[in-house]
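Visitor: Take a look at the following structure, please.
The values are calculated or read from the model by the stated rules, or taken from the named source; none is laboratory data. Everything numeric in this text was worked out from a predicted model, so none of it was measured. With ideal geometry, Cβ positions are generated from the backbone for all residues, glycine too; neighbour counts draw on all protein chains shown. Just so you know, the surface numbers come from the protein's heavy atoms only, side chains and all, with ligands and any DNA or RNA stripped out. Shrake-Rupley method; radii C 1.70, N 1.55, O 1.52, S 1.80 Å.
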Amino acid sequence: MPLLEIEGLTLDLPTPAGTLRLLDGIDLALQAGDWHGIVGESGCGKSLTALSIMRLLPDRARLGGRLVFEGRDLLALDEPALGRLRGAEIGMIFQEPMTALNPVRTIGWQIAEGLRLDGRLGRADREARTLDAMRRVGLDPEQFSPRLYPHQLSGGQRQRAMIAMVLARRPKLLIADEPTTALDVTVQAEILRLIAEIADETGMALLFITHDLGVVAAIAEAVHVMYAGQIVETGPTDHVFRELAHPYLRGLFDALPSAPGELGRGRLAAIPGQVPEPGSAAQACRFAPRCRRADALCRSVRPALVPLGAPAHRAACFHPLGPGRDHA
Amino acid sequence: MPDPACLLELDDVRRLYRLPRRRLLGPAPRRVAVDGVTLSLGAGETLGIVGESGSGKSTLGRLAVGLERPDSGTVRFAGADLWTTGRRGKRKLRQDAQMVFQDPYGSLDPRQKIARIVAEPLGLLRLTHTEAAERTIEALAEVGLGTEALDRYPHEFSGGQRQRIAIARALITRPALLVADEPVSALDVSVQAQVLNLLAELQRRHGLALLFISHDLAVVAHLADRIAVMQAGKLVEEGPREQVLSAPSHPYTRNLLAAVLPPDPARARARLGLVRRRPA
């Protein structure tokens, strides 16, 4: 049984101008201990997917499809049951640790807060667990008193405190939404290493959400590429990033400046146009207006995710690119 | 001595910021944002400044266009000291050195139409209405926007288009120097590529000198002829692009290069030294 199973997840938001479909049929399965990544540009729905799993969306947002965590239907749980699940079984860390942390509480208090809510451990055990978690994330309590407030820490230290908060409760799944985007690259490397080491030790599954193709390449063993509320390509990261079957993913790679070690540079191949505004459910390929390979079929029928060569590698495209093949 | 071939010269420039007082009558603590930086930029050249947050790279950009005054050292533009030159020199500087900022949402006045936003720097030039209107249309065309943009407001444009508008505004006085401070950091990869291509194209077409400031080494490496690396207010390394990238001399530069994650799973994992002991 998968740890997390998402099938045909839709998210509709009613607005005065009509109902907007923000997630349009997301399928994703995560086994215990899996490390997955969701990658896409702003507005593609990657954060909304995370918030849907945590059921942290406003009431007027309507979720459809199936969302199952360890056999429990997340769409059917009531608020108290969700409260017991969040943090305890599914942990989440966010991009901006300054807004995610409470400015008027010490970090020690905040790390222990979840344990208090669990109500299973006594005061001494909670304290020991808090200090352990701080040590594990590299905030040695000898140097960083649990009595410090968030503003007394640097950005990287705050993100470490966030990770300690999540870690202290030993969740089965950690959802990390752009956890290193606000950090400097050298700090980013430390935080990624830390999350990977902890997940490796504890067997915690990871769902990593990022816009950064390098971060996903480093941490995710399987990747889901999102565009305009849909998954357009999915599979083992090694295969997906080698074959780049969907023209959107190929376009993203072509638009990147080459790695600074490689000296080649020329005009970057930008993807023309912009991401479409959210609207009703897709009747055609959402990427077609920006795609050089699009034809009448792409503009009239929505492509389903179809298997490609490697196991579990699938792309939603009528004209997928082959390995090493250039734009036709 | 001023070098006539150099458009912009910074000579041992220092800039301090006063921090809030700790005690009512105590001295205000200071922080050195830029600490003795010397560099020069020739006409038509692209110099990339790379550094992490707090390294002083933005302050350096602001010093270069005279938005901040150095506490010591000199900033010379086209041979003249920015801060001893008279009013006429200041006016000339405002035309000849322009700036583009990171946030395409914050840098355009939401209550003004694009025509007014882009034409604003023309106040320096004493043009007739017709000339100003022609210049505005020309500047927008340079960045790939048509006349239909003139009567619209910033909120009607995407992030990439707004950055184009900011570039049009900067170029309307036909400057010799453009300082771009993190101009693509707020943009998605596909749009970032459009703006980088545009900057490279404009730079070539007009022989602009470009001071390109970014935390992203890959982006700096793509555009710059020379790269300068800043750390804690100091310039720790400066040299031709190829040399800085393939034979970095300072350990900090090597750290920065090593922290860049390529979109290639095997190499990215190797960079981080990730080995999974317990495969799923």
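Visitor: Around residue A:178, with a cut-off of 14 angstrom between Cβ atoms, what is the net charge of the other residues, counting Lys and Arg +1 and Asp and Glu -1?
Guide: Computed value for this residue: -4.
Visitor: Among all cysteines in chain A, which have no other cysteine Cβ under 4.7 Å from their own Cβ?
Guide: For chain A, the answer is A:44, A:291, A:317, because their Cβ atoms have no other cysteine Cβ under 4.7 Å.
Visitor: Taking the inverse of the average 1/r across all pairs of different Cα atoms in the protein assembly as shown, what Kirkwood radius in Å do you get? Mind dumping the intermediate values first?
Guide: Working: mean 1/r = 0.0379 Å⁻¹.
It is 26.4 Å.
Visitor: How many square angstrom of accessible surface are buried between A and B, both sides summed, with a 1.4 Å probe and rounding to 100?
Guide: The contact between B and A buries close to 4000 Å².
Visitor: At a 1.4 Å probe, which residues in the range B:251-280 are at least 40 Å² less accessible with all protein chains present than in their chain isolated?
Guide: Flagged in the range B:251-280: B:259, B:261, B:263, B:265, B:269, B:272, B:274, B:276, B:277, B:278, B:280.
Visitor: Let me ask you something else. Where in the range A:103-191 are there GluC sites (Glu not before Pro) that are in a DSSP coil and have at most 11 other Cβ atoms within 10 angstrom of their Cβ?
Guide: A:142
Visitor: If you place +1 on the Cβ of every Lys and Arg, -1 on the Cβ of every Asp and Glu, and leave all else neutral, what size is the dipole of the protein assembly as shown about its Cα centre, to the nearest 20 Debye? Please report the intermediate quantities before stating the final value.
Guide: On the way: 76 positive and 69 negative charges, 269 e Å.
Dipole magnitude for the protein assembly as shown comes out near 1300 debye.
Visitor: Once neighbouring chains are kept in place and the probe is 1.4 Å, which whole percent of the accessible area of the range B:163-252 is contributed by carbon and sulfur?
Guide: Ligands and nucleic acids excluded, carbon and sulfur give 49 percent.
Visitor: Under the 0.36 nm per residue contour assumption, what length would be gained going from the current alpha-carbon distance of residue A:186 and residue A:170 to full extension? Spell out each step's value before the answer.
Guide: On the way: separation 16, 0.36 × 16 = 5.76 nm, distance 2.69 nm.
Stretched out fully, the residue A:186 to residue A:170 stretch lengthens by 3.1 nm.
Visitor: Right, next: Applying the Karplus parametrisation 6.51 cos²θ - 1.76 cosθ + 1.60 with θ = phi - 60° to the phi angles of the range A:190-199, what ³J(HN,Hα) value in whole Hz is obtained for each residue in order, glycine and proline being reported as x?
Guide: 5, 5, 4, 4, 4, 4, 5, 4, 5, 5
Visitor: Additional query: Which loop-located trypsin sites (Lys or Arg not before Pro) does the range B:77-145 contain, where loop means any DSSP state but H, G, I, E or B and the Cβ has at most 16 other Cβ atoms within 10 Å?
Guide: Within the range B:77-145, the qualifying trypsin sites (Lys or Arg not before Pro) (loop, at most 16 other Cβ atoms within 10 Å) are B:111, B:113, B:126.
Visitor: Give me a comma-separated list of calculated 3J(HN,Hα) values for the range B:220-232, in order, Karplus coefficients 6.51, -1.76, 1.60 applied at θ = phi - 60°, integers in Hz, x for any Gly or Pro.
Guide: Per residue, the Karplus-derived 3J(HN,Hα) values read 4, 4, 5, 9, 7, 7, 10, 10, 10, 10, 10, 9, 6 Hz.
Visitor: I need the trypsin sites (Lys or Arg not before Pro) found in the range B:228-280, filtered to DSSP loop residues with at most 12 other beta carbons within 10 Å of theirs.
Guide: Values: sites: B:234, B:241, B:254, B:267, B:269, B:271, B:276, B:277; in loops: B:276, B:277.
Sites meeting the loop and neighbour criteria: B:277.
Visitor: Separate question: Quick one: which residues, 5+ away or cross-chain, put their amide H under 5 Å from the amide H of residue A:308? H built at 1.01 Å from N.
Guide: HN-HN under 5 Å from residue A:308: A:313, A:314, A:315.
Visitor: Return the percentage of antiparallel bridges among DSSP beta bridges fully within the protein assembly as shown, rounded to the nearest 5 %.
Guide: Antiparallel bridges: around 60 percent, rounded to the nearest 5.
Visitor: What FRET efficiency comes out for residue A:242 versus residue B:14 if R0 is 45 angstrom and r is the Cβ-Cβ distance? Round to the nearest 0.05.
Guide: Result of the calculation: an efficiency of 0.35.
Visitor: Same structure again: What number comes out for accessible area per residue over chain A if the probe is 1.4 Å? Units Å², please.
Guide: 42
Visitor: Give the residues of the range A:164-188 whose amide nitrogen is closer than 16 Å to a point set 7 Å from the Cα of residue A:98 in the direction of its Cβ.
Guide: In the range A:164-188, the label zone of residue A:98 (backbone N under 16 Å from the point 7 Å along Cα→Cβ) covers A:180-184.
Visitor: So what's the gap between the Cα centers of the range B:111-178 and the range A:266-297, to the nearest angstrom?
Guide: Comparing the Cα centres of the range B:111-178 and the range A:266-297, I get a distance of 28 Å.
Visitor: A further question on this structure: Using a 1.4 angstrom probe on heavy atoms only, work out the carbon and sulfur share of the accessible area of the range B:1-145 in %.
Guide: Result for the range B:1-145: 51 percent of the exposed heavy-atom area is carbon or sulfur.
Visitor: I would also like to ask the following. Amide H to amide H, which residues 5 or more places from residue B:227 or on other chains are under 5 Å from it, using H placed in the peptide plane?
Guide: Amide H to amide H, under 5 Å and 5 or more residues apart or across chains, residue B:227 pairs with B:48, B:239, B:241.
Visitor: Need the full-extension length gain, residue A:19 to residue A:59, defined as separation in residues times 0.36 nm minus the C-alpha distance. One decimal, nm.
Guide: Residue separation times 0.36 nm, minus the Cα-Cα distance, leaves 13.0 nm.
Visitor: Which listed residue (B:123, B:74, B:190) has the Cα farthest towards the positive end of the charge dipole for chain B, taking +1 on Lys and Arg C-beta and -1 on Asp and Glu C-beta about the Cα centre?
Guide: Checking the options against the dipole of chain B, the answer is B:74.
Visitor: Okay, moving on. Tell me, what HN-Hα J-couplings in whole Hz come from the Karplus equation 6.51 cos²θ - 1.76 cosθ + 1.60 at θ = phi - 60° for each residue of the range B:30-36, using x for Gly and Pro?
Guide: 10, 10, 7, 7, 10, 10, x
Visitor: Taking the Cα of residue B:126, stepping 7 Å toward and past its beta carbon, and measuring to each backbone N in the range B:86-107: which are under 19 Å?
Guide: Taking a point 7 Å out along Cα→Cβ of residue B:126, the residues of the range B:86-107 whose backbone N falls under 19 Å are B:86-96.
Visitor: Starting from the amide H of residue A:32, placed 1.01 Å from N in the peptide plane, find each other amide H under 5 Å away whose residue is 5 or more places distant or on another chain.
Guide: A:3
Visitor: Put a dot 7 Å past each Cα toward the Cβ at residue A:265 and residue B:84; how far apart are the dots in nm?
Guide: According to this spin-label approximation, the distance is 3.5 nm.
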